[in-house]
Amino acid sequence: MVITNKIDTIGMSHTMDTTNKTKRRDKMDIVNTTRRKKSDQLKILESLNSRTHLAHAQQQYMINLQKGFEGEALFDKLIQNYLGTDRECLQDRLITYNGSTAQIDALILIGNTLNLYEVKNYEGEHQQLSGHFRRLKGQEFICPSVQLSRTEKVLKQVLNQWTETVDIHSYVIFVNPAFTLFDARMSDPFILPTQIKKHFEKLKNDQTQSSKECIRLVNKLQSESRSGEKYRGTPQNYAYEDMRKGLICSNCHSFNLKLTQRQAFCRDCGAQYKNDTLLLHHIDELTLLFPETKLTTALVYDWIDGKLIKRRIGRLLQNLS
Ligand SMILES: [Zn+2]
């Protein structure tokens, strides 16, 4: 059996999906911790990492994406805990003005102020130098406030097309409690882990009603921006026959599963699945990796290395069609 999949950009084949979803969502985005999903790209990399040998650079890239995703999930939780679920908010959107594109991690309307957040999940001790951050035991990299200023600039340009004045407050928020920053200045746009509570409590206590114009503005920004997912991509070639077959844990991607008649248990992370749920995850995985391929019982059976009986697979596929 030979199935190959060559795509220039991971997630390319899902572009249509995302666009349609965006179109269908005619109401404002509401903050919801369950709504932010792992990007297809991250899911593909995790799958390739379990089932093939991923090059070191791609592994590092995957780890960065995982850290980013965890950071955003942490941020969503903070918003839900402090501000509830009914705030006007944009998450993971790309805005473009005059050929410049910037990524908004999160934008929340409080009263008539737009709060722009660059979410960082850095861990460990860091030092701020001029325009740079330095890990105390590692390399230097560009200060996240540089990225924030750029995003703010593009955002202002986009908004200025529709309105004369709107207040924007921009922050880099460090969501990981294990992050420490030396040589930070009061004037830096940073929210350090120990300042998070105070920051969100202040927003929570702001009872200013948002004007209709501001709400319309955020709505317009939502419809005129794109999902961040499509933007991220790396060249990727992979072939079905090069992949290790079998059932893997959806949580930690281990092959170390114990199967009973109805359930599967992960010996590495303790996750439990109904067999049908686990099977569905594997069908989703196959569809994501090889979107052009027709799903058959034989293919799924081969993919999971015959760990569940064909009758169960056939039944599930029939229910899906
Ligand atoms: Zn596991």
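What spacing in nm lies between the two simple spin-label points modelled at ILE168 and ASN237, each 7 Å away from Cα in the Cβ direction?
My value for the distance between the label points is 4.1 nm.
Could you pull out the pairs from LYS77/LYS153; LYS67/LYS197; LYS120/LYS212; LYS37/LYS220; LYS120/LYS294 whose alpha carbons sit more than 29 Å apart here?
On the way: LYS77/LYS153 27 Å; LYS67/LYS197 22 Å; LYS120/LYS212 31 Å; LYS37/LYS220 23 Å; LYS120/LYS294 40 Å.
Check vs 29 Å cut-off fails for LYS120/LYS212; LYS120/LYS294.
Using Cβ-Cβ distances only, list the Cys residues of the chain with no partner cysteine under 4.7 Å, sorted by number.
For the chain, the answer is CYS89, CYS143, CYS214, because their Cβ atoms have no other cysteine Cβ under 4.7 Å.
FRET efficiency for LEU317 and SER210, Cβ-Cβ distance as r, R0 = 35 Å, nearest 0.05?
Details: r = 48 Å, r/R0 = 1.36.
So, using R0 = 35 Å, E works out to roughly 0.15.
In nm, to one decimal, how far is the THR277 label point from the LYS153 one, both placed 7 Å along Cα→Cβ?
Placing both labels 7 Å beyond Cα along the Cβ direction yields 4.8 nm.
Multiply the residue gap between THR287 and TYR82 by 0.36 nm, knock off their C-alpha separation, and tell me the result in nm, one decimal place.
Values: separation 205, 0.36 × 205 = 73.80 nm, distance 3.76 nm.
Full-extension gain reported as 70.0 nm.
Aspartates and glutamates within cross-link reach of LYS274: Cα-Cα under 19 Å, excluding same-chain residues under 8 positions apart?
Cα-Cα hits under 19 Å: ASP284, GLU285, ASP305.
Which ordering of ASP92, ASP268 is given by a fewest-first count of other beta-carbon atoms within 10 Å?
On the way: ASP92 21, ASP268 14.
Ordered from fewest to most neighbouring Cβ atoms within 10 Å, ASP92, ASP268 come out as ASP268, ASP92.
Cut-off under 15 Å on the C-alpha distance; same-chain residues fewer than 8 positions from LYS310 excluded. Which aspartates and glutamates are left, in chain and number order?
Once the sequence-local aspartates and glutamates are set aside, what remains near LYS310 is ASP276, ASP302.
For a footprinting-style exposure proxy, rank ASP276, ASP242 by other Cβ within 10 Å, fewest first.
Numbers: ASP276 16, ASP242 12.
Fewest to most other Cβ atoms nearby, the residues stand as ASP242, ASP276.
Treating only the Cβ atoms of Lys and Arg (+1) and Asp and Glu (-1) as charged, compute the dipole magnitude of the chain about its Cα centre; round to the nearest 20 debye. Write down the numbers at each step before the final one.
Details: 46 positive and 36 negative charges, 188 e Å.
The dipole magnitude comes to about 900 debye.
Which of ARG315, ARG244, ARG134 has the fewest other C-beta atoms within 10 Å, and how do the rest follow up to the most? Show your work: numbers first, answer last.
On the way: ARG315 14, ARG244 11, ARG134 17.
The order, fewest Cβ neighbours first, is ARG244, ARG315, ARG134.
Taking a spot 7 Å from the Cα of GLU201 along the direction of its beta carbon, which residues of the range 59-86 have an amide N less than 13 Å from it?
Flagged as within label range: 82.
When only alpha-carbon atoms count, how far does the range 187-275 stretch along each of its three principal axes, as whole angstroms with the largest first?
For the range 187-275, the Cα spread along each principal axis is 56, 33, 32 Å.
FRET efficiency for LEU181 and ASN251, Cβ-Cβ distance as r, R0 = 30 Å, nearest 0.05? Show your work: numbers first, answer last.
Numbers: r = 32 Å, r/R0 = 1.05.
Computed FRET efficiency for LEU181 and ASN251 comes out at 0.45.
Per residue, how big is the convex hull of the chain when only Cα atoms are used? Give it in Å³. Mind showing how you got there, number by number?
Values: hull volume 51.8 nm³, N = 321.
In the chain, the Cα convex hull volume per residue is 161 Å³.
With the contact rule set at Cα under 8 Å and sequence spacing of 6 or more, what percent relative contact order holds for the chain?
Values: 467 pairs, mean separation 69.4, N = 321.
For the chain, the relative contact order is 22 percent.
Every read-out reported here was derived from the displayed coordinates using simple, explicitly stated rules and does not represent laboratory data. Just so it is clear, the structure is predicted and the values come from calculations on it, not from any experiment. So basically every Cβ, Gly included, is an ideal-geometry build from the backbone, and we count neighbours across all protein chains shown.
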